[in-house]
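S.K.: This is the structure I want to talk about, given as structure tokens.
The values are calculated or read from the model by the stated rules, or taken from the named source; none is laboratory data. Keep in mind that this is a model prediction, so the values were computed, not measured. A quick note on method: Cβ atoms are made from the backbone with ideal geometry, for glycine too, and the neighbour counts reach across all protein chains shown.
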Amino acid sequence: MIGRHKHCISLAEYSREEILEVLDLAVSMKEVLQRPIKKVPSLRGKSVVNLFFEASTRTRSSFEIAAKVLSADALNWTASASSVTKGETLVDTARNLEAMRPDVLVIRHSAGGAPRLVAEHVGCSVVSAGDGAHEHPSQGLLDCFTLREKLGTLEGKTIAIVGDISHSRVARSDLHAMTKLGARVRLCGPPTMIPAGIEALGATVRTQLREAVEGADAVVMLRIQHERIGDPLIPGTREYSKLWGLNAKKAAEWLRPECVILHPGPINRGVELSPEVADGPQSVILDQVQNGVAVRMAILYLLAGGNPADAGEAKA
Amino acid sequence: MAEVLFIEGGRVIDPASGTDGVRTVVVRDGKVAEVAARLERPRDARAIDARGKWVTPGFIDLHVHLREPGQEYKETIATGARAAVAGGFTAVCAMPNTKPVNDNASVTELVLARAAAAGLARVYPVGAISKGSNGEELAEYGELLASGCVALSDDGRPVLSAALMRRALEYARAFGLPLTVHEEELQLVGKGVMHEGAASTRLGLKGIPGAAEDVMVLRDIALVELTGGRLHVAHVSTKGAVRAIRDAKARGLPVTGEVTPHHLALTDEDVAASGYSTDYKMNPPLRSAEDVRACREGLADGTLDAIATDHAPHSAVEKDVEFDAAANGITGLETAFPVCLDLVRAGALSERRLVEALTSGPARAFGLAGGTLAAGVPADVAVLDPVAEWTVDPARMYSKSRNTPWKGRRLTGRCLITIVGGRIVHEEGRTER
Ligand SMILES: [Zn+2]
Ligand SMILES: [Zn+2]
């Protein structure tokens, strides 16, 4: 359980306290990752099934490592086109996996709401590893974890999220979590990439990059996903990188020196970020990767009902 | 020979004849014989005690999908007609998007034969605008009219070609048939699955802007001006469409419109609140609160002529899937009256206007018989209890399908007795479900 929740599907429904519960536990999980022997018995005998309908080596590996560090059995069930083309529905697939009695089912799917549909048909906990353009809660949590590490707190901070907000589940999870933790969020991108009514979620919208990043404590640069853009939202990546990409010159002129730069990866180098910026001193992109494992350990631990005695060990 | 019915002591609401008050309705030889305040009941008459109830003309639904022929696992003409009379509907217009499409006399005749065999609601077939509803060639309107079609529609999809729409409106003039149109500009719709707005953004579902409907309604009104054909806009859902129809009517154009109970009662926020329930997925999608307000106003001021359910049964195979993949549509015949009665209680609609939009409004829009209790017309009557409360249990409904967003909800208002052609075809509590 995380707070009142059996599942981790949407940060929109998590309270500030529930978000902090995960982030606080992730601090001790990160300590485990820094030990020479990265293994604790917290989830021994538990099983975690990764069910990925969309390719994502990064997120899947991160969940897999998180499960293994906690001594859970991790099974990757790559739902390639095979079962789908056989006419098996998502609900059928979920029921079949349920028969294997997993404790946690991690699901990535191209349709918004798919993890919720699965959760209605299985008895175990469900973690969304990203559903369509809806949410990517573990990414939202790891971004907040990284910001807490770098900025101390999110309370009163200003964060700019730049890119294709329309198609970004990261932007939505970030926005929910960051605003609940007290940050002000500015969204930025070409108007074609700003979805209708996003202000209702508590953000302000800018179309000029400079206005969005000036004075910000952190900037999240989103990946421009050509493959997910059905219609021509931008004339091309050349103009996009000129107007909405960050290079060393813009970073030096517009960003506060202490501003940190995040990116959910993988980066289109030269589009969202120039290589100097991606690998520069303000970038915390590699921290995000390690923090992702810690946050996912915390999520799995909380949902799989780890042994409190072992938790003590993890915290020790 | 049908028995003589004395429907006594009910509040008769018949907007077509301007009646609203306690009257007795006498049904004899299948017809309304008399509607009067004080009448002596002859000994051979069957008395129906309607005290505290409403007695109205049977409802007429301009827009239902009965799925037969072709998808009988979702609904048949018999089960659909059973659901209709349970909801107070004595006549329904069956959309032609069956398998095969109703674009010729043989399908029309089959629909009429099945409806006659069921012997419940009157079923008026709607023929296709284009052959196979493919939007390429005109269907044979003369044959469709002769075999019993009352209107033309390619419902389920828009008529994409403006040129074909022009010819359809022109050609249909020779037969006096209205074209009932499903308005959406498919390129603006794209892969959209719900209304575009704050709710779709939060859910991460692809949105369909209201403008996708508006531009097609405006296009077709321009074509009505060009051709003089009769246009009926199906399931109006946007503020812009209501405004366009209001303007067209003000200019005297032969344009009518219908609105569904769900577009009057629910918004895109209900989709969000349902947690991606596919019982909230329909086309057009549930719109914004502002659009709902405009539709209610349009219905109240007569811009929209009729309430039509767009009853669209689907099985679990089409609905128990991801929201993106689910079929569009909900059932509506058995819940229409209580859902719309809620609007009356909310002050959005008068009782008279509600009954009008379910009876004489639709009759006029398609030139159908019925919709009134005037003496001499076939006795299609509904006896309604406006205060009966009930909980919607899909397992206890007459439709073969269970895709209703009112599942588990408590509704107020129920049809007690439905009479078609002087014969009682539904009596609440009499028939086992
Ligand atoms: Zn339609
Ligand atoms: Zn329809």
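S.K.: Which members of region B:38-58 meet the condition of being surrounded by fewer than 22 Cβ atoms within 10 Å (Cβ to Cβ) and within 18 Å of B:Arg28 (Cβ to Cβ)?
M.R.: Of everything in region B:38-58, those that are surrounded by fewer than 22 Cβ atoms within 10 Å (Cβ to Cβ) and within 18 Å of B:Arg28 (Cβ to Cβ) turn out to be B:Arg38, B:Leu39, B:Glu40, B:Arg41, B:Pro42, B:Arg43, B:Asp44, B:Ala45, B:Arg46, B:Ala47.
S.K.: Then there's this: Could you tell me whether B:Glu322 is within 14 Å of chain A (Cβ to nearest Cβ), more than 16 Å from ligand 2 (Cβ to nearest atom) and among the acidic types (Asp, Glu)?
M.R.: Numbers: within 14 Å of chain A (Cβ to nearest Cβ): yes; more than 16 Å from ligand 2 (Cβ to nearest atom): yes; among the acidic types (Asp, Glu): yes.
Here the answer is yes, as B:Glu322 does meet what is asked.
S.K.: Scan region B:14-34 for residues that are in a strand (DSSP E or B) and buried (at least 22 other Cβ atoms within 10 Å of the Cβ) and jot them down. Walk me through how you get there before you give the answer.
M.R.: Initially, region B:14-34 is screened for residues in a strand (DSSP E or B), giving B:14, B:19-28, B:31-34.
Selection gives B:Asp14, B:Arg23, B:Thr24, B:Val25, B:Val26, B:Val27, B:Val32.
S.K.: So how many residues does region B:411-431 have that are out of contact with any Asp or Glu (no Cβ under 6 Å at 6 or more places or on another chain), farther than 13 Å from B:Val383 by Cβ and part of a strand (DSSP E or B)?
M.R.: Pass one, region B:411-431, residues out of contact with any Asp or Glu (no Cβ under 6 Å at 6 or more places or on another chain): B:411, B:413, B:415, B:418-419, B:421-431.
With farther than 13 Å from B:Val383 by Cβ added as a condition, the list becomes B:411, B:421-423, B:431.
Then keep just the ones that are part of a strand (DSSP E or B); that gives B:411, B:423.
Going through region B:411-431 one residue at a time, the tally reaches 2.
S.K.: Still on this structure, please answer the following. Select from region A:119-147 the residues that are more than 11 Å from chain B (Cβ to nearest Cβ) and free of Cβ contacts under 8 Å to residues at least 60 places away in the same chain and write down the one among them that is surrounded by the fewest Cβ atoms within 10 Å (Cβ to Cβ).
M.R.: Looking at the filtered set, the residue picked out is A:Gly123.
S.K.: Output yes when any residue across region B:307-315 is within 16 Å of ligand 1 (Cβ to nearest atom), charged (D, E, K, R) and either in contact with a Cys (Cβ under 7 Å, 6 or more places away or on another chain) or more than 14 Å from chain A (Cβ to nearest Cβ) (or both), and no when none is.
M.R.: Taking region B:307-315 and keeping what is within 16 Å of ligand 1 (Cβ to nearest atom), we get B:307-314.
From what is left, the residues that are charged (D, E, K, R) are B:310.
Those still in the list that are either in contact with a Cys (Cβ under 7 Å, 6 or more places away or on another chain) or more than 14 Å from chain A (Cβ to nearest Cβ) (or both) too: B:310.
Yes, region B:307-315 contains a residue that is within 16 Å of ligand 1 (Cβ to nearest atom), charged (D, E, K, R) and either in contact with a Cys (Cβ under 7 Å, 6 or more places away or on another chain) or more than 14 Å from chain A (Cβ to nearest Cβ) (or both).
S.K.: Would a scan of region B:270-289 turn up a residue that is without any contact (Cβ under 8 Å) to a residue 60 or more places away in the chain, within 16 Å of ligand 2 (Cβ to nearest atom) and part of a loop (DSSP other than H, G, I, E, B)?
M.R.: yes
S.K.: Is it fair to say B:Ala162 is among the aliphatic types (A, V, I, L, M) and under 25 Å from B:Ala363 (Cβ atoms)? Full working, then the answer.
M.R.: Details: among the aliphatic types (A, V, I, L, M): yes; under 25 Å from B:Ala363 (Cβ atoms): no.
Here the answer is no, as B:Ala162 does not meet what is asked.
Here's the yes/no breakdown for (1) touching a Gly at 6+ places or on another chain (Cβ under 6 Å); (2) part of a strand (DSSP E or B); (3) surrounded by fewer than 15 Cβ atoms within 10 Å (Cβ to Cβ):
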residue	(1), (2), (3)
A:Glu17	no, no, yes
A:Val22	no, no, no
A:Lys30	no, no, no
A:Ile37	no, no, yes
A:Asn50	no, yes, no
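S.K.: Determine the pairs where a residue that is in contact (Cβ under 8 Å) with a residue 40 or more places away in the chain and charged (D, E, K, R), located within region B:232-259, has a partner that is outside any loop (DSSP other than H, G, I, E, B) and within 13 Å of ligand 2 (Cβ to nearest atom) with Cβ atoms under 6 Å apart, the partner being 6 or more residues away or on another chain.
M.R.: B:Glu258/B:Leu62
S.K.: Among the listed residues A:Thr179, A:Thr192, A:Thr207, A:Thr237, which satisfies the condition of being closer than 20 Å to B:Lys191 by Cβ and among the hydroxyl-bearing types (Ser, Thr, Tyr)?
M.R.: Residue meeting the stated conditions: A:Thr192.
S.K.: Here's something else I'd like to know. Need the failing condition index for B:Arg251 against (1) within 16 Å of ligand 2 (Cβ to nearest atom); (2) more than 14 Å from every other protein chain (Cβ to nearest Cβ); (3) not hydroxyl-bearing (Ser, Thr, Tyr), just the number.
M.R.: (1)
S.K.: Now for a different question. Identify, by number, the condition in (1) over 27 Å from A:Leu187 (Cβ atoms); (2) under 23 Å from the mean Cα position of the chain (by Cα) that B:Val193 doesn't meet.
M.R.: So the condition that B:Val193 fails would be (1).
S.K.: State which residue is nearest to the chain's Cα centre (by Cα) when the search covers only region A:75-118 and only residues that are over 22 Å from B:Thr201 (Cα atoms) and either crowded, with 22+ Cβ neighbours inside 10 Å or at pLDDT 95 or above (or both).
M.R.: Step one: filter region A:75-118 for residues over 22 Å from B:Thr201 (Cα atoms), giving A:75-106.
Filter once more, keeping what is either crowded, with 22+ Cβ neighbours inside 10 Å or at pLDDT 95 or above (or both): A:90, A:94, A:102-106.
Values: A:Leu90: 23, A:Ala94: 23, A:Pro102: 23, A:Asp103: 21, A:Val104: 18, A:Leu105: 17, A:Val106: 13 Å.
Among those that are over 22 Å from B:Thr201 (Cα atoms) and either crowded, with 22+ Cβ neighbours inside 10 Å or at pLDDT 95 or above (or both), it is A:Val106.
S.K.: Here are the criteria: (1) within 14 Å of another protein chain (Cβ to nearest Cβ); (2) over 22 Å from the mean Cα position of the chain (by Cα). Tell me which single one B:Asp268 does not satisfy.
M.R.: (2)
S.K.: A follow-up question, please. Answer yes or no as to whether B:Ala234 is touching a His at 6+ places or on another chain (Cβ under 7 Å), within 16 Å of ligand 2 (Cβ to nearest atom) and under 24 Å from B:Ala163 (Cβ atoms). Full working, then the answer.
M.R.: Details: touching a His at 6+ places or on another chain (Cβ under 7 Å): yes; within 16 Å of ligand 2 (Cβ to nearest atom): yes; under 24 Å from B:Ala163 (Cβ atoms): yes.
Yes.
S.K.: Within region B:81-182, considering only strands (runs of 3 or more DSSP E) that don't extend past its boundaries, which have at least 1 residues that are more than 16 Å from ligand 2 (Cβ to nearest atom)? Reasoning before the result, please.
M.R.: On the way: elements: B:89-94, B:122-127, B:179-181.
Strands (runs of 3 or more DSSP E) meeting the threshold: B:89-94, B:122-127.
S.K.: Can you tell me which of A:Leu181, A:Leu201, A:Leu209 is of a type outside the set (Ser, Thr, Tyr) and closer than 19 Å to B:Lys206 by Cα? Talk me through it step by step, then tell me what you get.
M.R.: Numbers: A:Leu181 fails: closer than 19 Å to B:Lys206 by Cα; A:Leu209 fails: closer than 19 Å to B:Lys206 by Cα.
None of the other options fit; the residue is A:Leu201.
S.K.: Follow-up question, since we're still on this one. Go over the candidates A:Gly215, A:Gly182, A:Gly197 one by one and state the one that is within 14 Å of chain B (Cβ to nearest Cβ) and on the phi > 0 side of the Ramachandran plot. Spell out the reasoning first.
M.R.: Details: A:Gly215 fails: within 14 Å of chain B (Cβ to nearest Cβ); A:Gly182 fails: within 14 Å of chain B (Cβ to nearest Cβ).
Just one listed residue meets the conditions, A:Gly197.
S.K.: Still on this structure, I have one more. Restricting to region B:149-184, count the residues that are among the aliphatic types (A, V, I, L, M), farther than 25 Å from B:Asn328 by Cα and free of Cβ contacts under 8 Å to residues at least 40 places away in the same chain.
M.R.: Of the residues in region B:149-184, 3 are among the aliphatic types (A, V, I, L, M), farther than 25 Å from B:Asn328 by Cα and free of Cβ contacts under 8 Å to residues at least 40 places away in the same chain.
Listed here are the residues, each with its yes/no results for (1) among the β-branched types (Val, Ile, Thr); (2) modelled with pLDDT of 95 or more; (3) surrounded by fewer than 19 Cβ atoms within 10 Å (Cβ to Cβ); (4) assigned to a loop (DSSP other than H, G, I, E, B).
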{"residue": "B:Gly298", "(1), (2), (3), (4)": "no, yes, no, no"}
{"residue": "B:Thr303", "(1), (2), (3), (4)": "yes, yes, no, yes"}
{"residue": "B:Thr331", "(1), (2), (3), (4)": "yes, yes, no, yes"}
{"residue": "B:Glu334", "(1), (2), (3), (4)": "no, yes, no, yes"}
{"residue": "B:Pro338", "(1), (2), (3), (4)": "no, yes, no, no"}
{"residue": "B:Leu341", "(1), (2), (3), (4)": "no, yes, no, no"}
{"residue": "B:Leu349", "(1), (2), (3), (4)": "no, yes, no, yes"}
{"residue": "B:Ala365", "(1), (2), (3), (4)": "no, yes, no, no"}
{"residue": "B:Gly376", "(1), (2), (3), (4)": "no, yes, yes, yes"}
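S.K.: Residues that are modelled with pLDDT of 95 or more and buried (at least 20 other Cβ atoms within 10 Å of the Cβ): list the helices (runs of 4 or more DSSP H) wholly contained in region A:248-316 that include at least 3 such residues. It would help to see each step written out before you state the result.
M.R.: Details: elements: A:248-254, A:275-278, A:285-304, A:308-315.
Those helices (runs of 4 or more DSSP H) span A:285-304.
S.K.: Tell me, yes or no, whether region B:148-159 has at least one residue that is under 27 Å from B:Pro285 (Cβ atoms) and out of contact with any Ser or Thr (no Cβ under 9 Å at 6 or more places or on another chain).
M.R.: Within region B:148-159, one or more residues are under 27 Å from B:Pro285 (Cβ atoms) and out of contact with any Ser or Thr (no Cβ under 9 Å at 6 or more places or on another chain).
S.K.: Of everything in region B:59-80 that's part of a loop (DSSP other than H, G, I, E, B) and away from ligand 2 (no atom under 16 Å from the Cβ), which residue is surrounded by the fewest Cβ atoms within 10 Å (Cβ to Cβ)? Don't jump to the end; show me each part of the working.
M.R.: Kept after step one, since they are part of a loop (DSSP other than H, G, I, E, B), are these residues of region B:59-80: B:65-76.
Then drop every residue that is not away from ligand 2 (no atom under 16 Å from the Cβ), which leaves B:69, B:72-73, B:76.
Details: B:Pro69: 18, B:Glu72: 16, B:Tyr73: 13, B:Thr76: 19.
The selected residue is B:Tyr73.
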